[in-house]
Amino acid sequence: VKMHYKCRNNLYPDSSKKIERFPVPDEKVPWSVKWESYNPPYFTSPGVLGKPWAQPEIGESGFQVNKVSSETETNDKSAVGYNYEVVDGYPINPVGRTGLRGRGLLGSWGPNHAADPIVTRWKKQENGKQILDEKTGKPYLQFVSIQRRDCGEWAIPGGFVDPEEQPGQTLRREFVEEALDSFTGQENEKEKIVKELDTLFSNGTPIYSGYVDDRRNTDNAWITTTAVLFHDSDQVFDKIKLSAGDDAGKVMWKDISDELVLYASHKAFIKEVAVTLNAHW
Ligand code: RP5
Ligand code: MG
Ligand code: MG
């Protein structure tokens, strides 16, 4: 992700206050382009200030530059999003201007680390045969998609890396919370499912690591993610029922193709998955 669009939405997504971004045209996104009159408003959501999971405002006592454990584990530190400049104490968005200063809805200054588990399976007919696309001749792949409660958009069931957590743990935890409703209603089968998930999540293929074009990003805070593919080749999901939980309103297996409309940069990750597994796109 080298350019951002979704974080230049005019109205910042916080229901507590009506915050408008300073309009930034494409050509003025790069900081290298001089723009004397650029004067974005400053906003950090009241829902973030003073929260135990969030950093204090810059200059307040106790402030420390973000160094969560995931930062040390990222295999591709050179990826966009992890390296950034700090000006007058404020981290600067490495992709460019967003029309808003402060942290908005984000808890950390600079990168806010997330993880996105992409769970896939081949689309099958009732007789178990794969379904091929007529034009491309390639098999249809499906992935577990959730509908976000905050904006109604369909997305990968991802979430932020907790302090003390490694992204590998976040991938599985978020999947269970959002797509399996933390095992609610699966009590009898729970142990079996846990074992099957252990196997599935022990063998991932890295898809993307770096900056996400998320609507919550600001000039001083942004989301980075580690997206990993877990392909269900053992068909364990023939037996596991999906169930939406936490910040997911709905969950379903979605067919993968260029027609998908997804949250943030998720479509780009899914395209990479289709290429990796040589599936229809
Ligand atoms: C996206 O926001 C990331 O790719 C990840 O899917 C998600 C994390 O935020 P929450 O789902 O916790 O709101 O940018
Ligand atoms: Mg979550
Ligand atoms: Mg989430």
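The values are calculated or read from the model by the stated rules, or taken from the named source; none is laboratory data. Just so it is clear, the model here is predicted, and its values are computed rather than measured. FYI the Cβ positions are ideal-geometry reconstructions off the backbone, even for glycines, and counts take in every protein chain you see. Heads up: the accessible areas ignore ligands, DNA and RNA and are worked out on the full protein's heavy atoms, side chains in. Shrake-Rupley method; radii C 1.70, N 1.55, O 1.52, S 1.80 Å.
With the requirement that a residue be more than 16 Å from ligand 1 (Cβ to nearest atom) and either of a type outside the set (Lys, Arg) or at positive phi (or both), what does segment 167-197 give you?
If the condition is that a residue be more than 16 Å from ligand 1 (Cβ to nearest atom) and either of a type outside the set (Lys, Arg) or at positive phi (or both), then Phe183, Thr184, Gly185, Gln186, Glu187, Asn188, Glu189, Glu191, Ile193, Val194, Glu196, Leu197 are the ones that fit.
Given the criterion among the acidic types (Asp, Glu), closer than 22 Å to Lys254 by Cβ and either touching a His at 6+ places or on another chain (Cβ under 7 Å) or not in a helix (DSSP H, G or I) (or both), identify the matching residue among Asp214, Asp219.
After ruling out the rest, the residue left standing is Asp214.
So, in segment 178-198, of the ones that are open to solvent by less than 10 Å² (accessible area, probe 1.4 Å) and within 22 Å of Val273 (Cβ to Cβ), which residue ends up nearest to ligand 3 (Cβ to nearest atom)?
Only one residue tops the list, namely Glu178.
Which pairs turn up if I take residues in segment 174-199 that are free of Cβ contacts under 8 Å to residues at least 60 places away in the same chain and look for partners that are more than 16 Å from ligand 1 (Cβ to nearest atom) and basic (Lys, Arg) with beta carbon separation below 6 Å, at least 6 apart in sequence or on another chain?
What qualifies is Phe183/Lys190.
Tell me which residues, restricted to segment 152-163, are more than 14 Å from ligand 2 (Cβ to nearest atom) and either closer than 12 Å to Ala264 by Cβ or of a type in the set (Phe, Trp, Tyr) (or both).
Glu153, Trp154
Which of (1) open to solvent by less than 50 Å² (accessible area, probe 1.4 Å); (2) away from ligand 1 (no atom under 11 Å from the Cβ); (3) out of contact with any helix residue (DSSP H, G or I) (no Cβ under 6 Å at 6 or more places or on another chain) is the odd one out, the single condition Val144 does not satisfy?
Of (1) open to solvent by less than 50 Å² (accessible area, probe 1.4 Å); (2) away from ligand 1 (no atom under 11 Å from the Cβ); (3) out of contact with any helix residue (DSSP H, G or I) (no Cβ under 6 Å at 6 or more places or on another chain), only one is false for Val144: (3).
Here are Arg172, Arg216: which of them is within 16 Å of ligand 2 (Cβ to nearest atom), of a type in the set (Lys, Arg), farther than 22 Å from Thr98 by Cβ and surrounded by 17 or more Cβ atoms within 10 Å (Cβ to Cβ)?
Numbers: Arg216 fails: farther than 22 Å from Thr98 by Cβ.
Sole residue among the options that is within 16 Å of ligand 2 (Cβ to nearest atom), of a type in the set (Lys, Arg), farther than 22 Å from Thr98 by Cβ and surrounded by 17 or more Cβ atoms within 10 Å (Cβ to Cβ): Arg172.
Of everything in segment 235-246, what is touching a helix residue (DSSP H, G or I) at 6+ places or on another chain (Cβ under 7 Å) and either within 14 Å of ligand 1 (Cβ to nearest atom) or of a type outside the set (S, T, N, Q) (or both)? Give them in sequence order.
Scanning segment 235-246 gives Val236, Ile240, Leu242, Ala244, Gly245, Asp246.
Got a number for residues in segment 119-177 being away from ligand 3 (no atom under 12 Å from the Cβ) and part of a loop (DSSP other than H, G, I, E, B)?
20
For residues in segment 1-60 being aromatic (Phe, Trp, Tyr) and in a loop (DSSP other than H, G, I, E, B), which is most open to solvent (accessible area, probe 1.4 Å)?
Only one residue tops the list, namely Trp53.
Take the residues of segment 229-281 that are open to solvent by 60 Å² or more (accessible area, probe 1.4 Å), among the acidic types (Asp, Glu) and assigned to a loop (DSSP other than H, G, I, E, B): which is nearest to Val80 (Cα to Cα)?
Taking the candidates together, the pick is Asp258.
Quick check on my filter: what residues within segment 214-254 are among the acidic types (Asp, Glu) and within 16 Å of ligand 3 (Cβ to nearest atom)?
Once the filter is applied, which keeps residues that are among the acidic types (Asp, Glu) and within 16 Å of ligand 3 (Cβ to nearest atom), segment 214-254 yields Asp214, Asp246, Asp247.
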